[in-house]
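> Below: one structure in structure tokens.
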Amino acid sequence: MSSGNGKRNPYLLAQETFLRYAEAVKLNDRYPGLNLEQRLTTPDRSIEFRLSVTCDNGAIKSFTASRVQFNDDRGPYKGGLRFHPTGTLDHCKALAFWMYLKTAVVDIPFGGAKGAIAVDYDTLSLNEKERLTKRYAVILRNDIGHDKDIPAPDVGTGEREMTWIMDAWRMIHGKYDRGIVTGKPVSIGGSQGRRAATGRGVVFCIEEAAREHGIDLKKTTAAVQGFGKVGASAAEFLFEDGCKVVAASDVHGAVYCKQGLDIPKLIEHTEKSGSVVGFAGAEKLDRDAVLEQDVDILVPAALENSITSDNVKSIKARMIAEGANGPTTPNADEALASRKVLVIPDVLCNAGGVTVSYFEWVQNRQEFYWTAEQVDKELHRIMTSAYGQVSALAKKHKCTLREAAYRIAIERVAEACVRRGSQ
């Protein structure tokens with residue numbers, strides 16, 4: 001199963017990380033006989049099914065789809081919906097696992113879930129995409145709901161897909177329920193600030209770390225791996241803070257500029273061309289070389305297992321802010337810790353998205369909507385509070401931010417689990 005090449009089963013890696021940090025919490029000693037370690041590392045429910053769709057040419061295509069509801073001890077299941085060839089059941093288990101820990105770290109009343117369809121989504125027509133998405137919602141019509149399981153966008157999905165799911169649910173049940181999904185357009189119940197929330201949360205954490213360690217962001221450089229929704233937003237906010245973002249990548253390639261990329265223009269370029277490649281005034285760079293740039297801050301915001309034991313020796317950044325879920329393997333994480341590289345872990349750093357999803361859900365339940373300023377203020381409050389708690393615990397126990405974040409999450413979920421009863 002091996003090696004440090006990042007090809008290991010992501011769910012097993014997630015379990016391994018949890019169990020490593022759970023040792024310090026001493027669950028078995030504090031709650032003898034309840035077998036909490038097994039309960040908290042096993043999904044409540046895993047659903048995998050065939051999803052068939054009629055294509056525009058009349059042919060029928062079948063795809064493997066899934067939804068994992070991992071833990072709801074602290075509130076309804078919450079998690080994204082991924083349309084990507086890597087959308088396997090084990091990927092969903094890992095992502096749902098991280099989600100319930102993430103919601104516990106920032107202390108919002110959700111559990112963790114994740115859904116996926118294993119599909120090369122870009123090859124489908126618009127009508128095929130709508131049929132696929134609504135078919136997924138129809139099959140899970142009794143499994144999702146504002147008080148059960150609330151999907152949200154993830155890789156390959158966005159406001160459009162969330163609207164389609166909400167519409168399918170409305171047609172089935174004959175009534176509106178805007179809280180059925182989050183990440184919707186503002187015009188039909190979405191929240192201000194949701195689109196950029198994950199990137200905004202990443203930069204709030206970077207700002208707190210910089211303040212804590214006496215770093216002037218105006219004198220720093222950064223590289224962003226994965227110039228998508230999260231990476232582009234994080235790069236834009238770093239640019240606004242005066243940080244020089246010198247490199248950025250996407251699935252097609254990467255660009256570099258020693259003087260710093262003009263991020264607003266790069267975003268405009270990617271919106272028109274579909275990639276960072278070809279941006280005027282920047283050098284072409286190998287896609288994976290972005291991780292190895294000599295910068296102060298690295299933001300891995302692509303897929304899982306980007307930093308592994310195979311490339312960790314080439315990582316030169318002094319701070320790593322994990323915009324993606326699970327971008328660093330356990331072996332690589334240990335190597336970075338031994339070199340005193342500050343890693344702001346994913347379960348804290350990229351929790352801005354689910355936090356503003358929580359705000360959207362609250363607004364939908366009340367049918368009372370907030371301004372962008374209110375959303376930003378509340379997000380800042382929650383992210384900086386969570387960072388402060390994690391950092392304080394890390395200092396107290398002389399451990400990494402990741403271990404401190406896991407300790408906080410595990411203790412919060414374990415307490416909720418025990419208080420609910422043993423059955």
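> Here is a list: Arg407, Arg339, Arg419, Arg381. Which entry is touching a residue at least 12 places away in the same chain (Cβ under 8 Å) and out of contact with any strand residue (DSSP E or B) (no Cβ under 6 Å at 6 or more places or on another chain)? Spell out the reasoning first.
On the way: Arg339 fails: touching a residue at least 12 places away in the same chain (Cβ under 8 Å); Arg419 fails: touching a residue at least 12 places away in the same chain (Cβ under 8 Å); Arg381 fails: touching a residue at least 12 places away in the same chain (Cβ under 8 Å).
Step by step, each of Arg407, Arg339, Arg419, Arg381 is checked, and only Arg407 is touching a residue at least 12 places away in the same chain (Cβ under 8 Å) and out of contact with any strand residue (DSSP E or B) (no Cβ under 6 Å at 6 or more places or on another chain).
> Exactly one condition in (1) within 19 Å of Asp147 (Cα to Cα); (2) of a type outside the set (A, V, I, L, M); (3) touching a strand residue (DSSP E or B) at 6+ places or on another chain (Cβ under 7 Å) is not met by Pro109; state its number.
Unmet for Pro109, out of (1) within 19 Å of Asp147 (Cα to Cα); (2) of a type outside the set (A, V, I, L, M); (3) touching a strand residue (DSSP E or B) at 6+ places or on another chain (Cβ under 7 Å): (3).
> From the list Asn9, Asn28, Asn57, pick out the single residue that is surrounded by 14 or more Cβ atoms within 10 Å (Cβ to Cβ), without any contact (Cβ under 8 Å) to a residue 24 or more places away in the chain and not charged (D, E, K, R).
Asn28
> Quick one: would you say Asp149 is among the acidic types (Asp, Glu) and at pLDDT 95 or above? Give the derivation first.
Values: among the acidic types (Asp, Glu): yes; at pLDDT 95 or above: yes.
For Asp149, the condition - among the acidic types (Asp, Glu) and at pLDDT 95 or above - is met.
Each row is one residue, and each column tells you yes or no for (1) in contact with a Pro (Cβ under 9 Å, 6 or more places away or on another chain); (2) surrounded by 22 or more Cβ atoms within 10 Å (Cβ to Cβ); (3) among the charged types (D, E, K, R); (4) assigned to a helix (DSSP H, G or I).
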site: Thr103; (1), (2), (3), (4): yes, yes, no, yes
site: Ala113; (1), (2), (3), (4): yes, yes, no, no
site: Glu128; (1), (2), (3), (4): no, no, yes, yes
site: Arg131; (1), (2), (3), (4): no, no, yes, yes
site: Ala152; (1), (2), (3), (4): no, yes, no, no
site: Thr157; (1), (2), (3), (4): yes, yes, no, no
site: Ile165; (1), (2), (3), (4): yes, yes, no, yes
site: Ala168; (1), (2), (3), (4): no, no, no, yes
site: Lys175; (1), (2), (3), (4): no, no, yes, no
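Results for (1) small (Gly, Ala, Ser); (2) assigned to a strand (DSSP E or B); (3) crowded, with 18+ Cβ neighbours inside 10 Å, shown as yes or no for each residue.
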{"residue": "Gln38", "(1), (2), (3)": "no, no, no"}
{"residue": "Ser62", "(1), (2), (3)": "yes, yes, no"}
{"residue": "Val68", "(1), (2), (3)": "no, yes, yes"}
{"residue": "Gly80", "(1), (2), (3)": "yes, yes, yes"}
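> For the stretch 183-284, list the helices (runs of 4 or more DSSP H) that sit wholly inside it and hold at least 3 residues that are buried (at least 22 other Cβ atoms within 10 Å of the Cβ), in contact (Cβ under 8 Å) with a residue 12 or more places away in the chain and hydrophobic (A, V, I, L, M, F, W, C); which are they?
Numbers: elements: 197-212, 229-240, 263-273.
Answer list for the stretch 183-284: 197-212, 229-240.
The values are calculated or read from the model by the stated rules, or taken from the named source; none is laboratory data. Keep in mind that this is a model prediction, so the values were computed, not measured. Please note: Cβ atoms are built from the backbone with ideal geometry, for glycine as well, and neighbour counts cover all protein chains shown.
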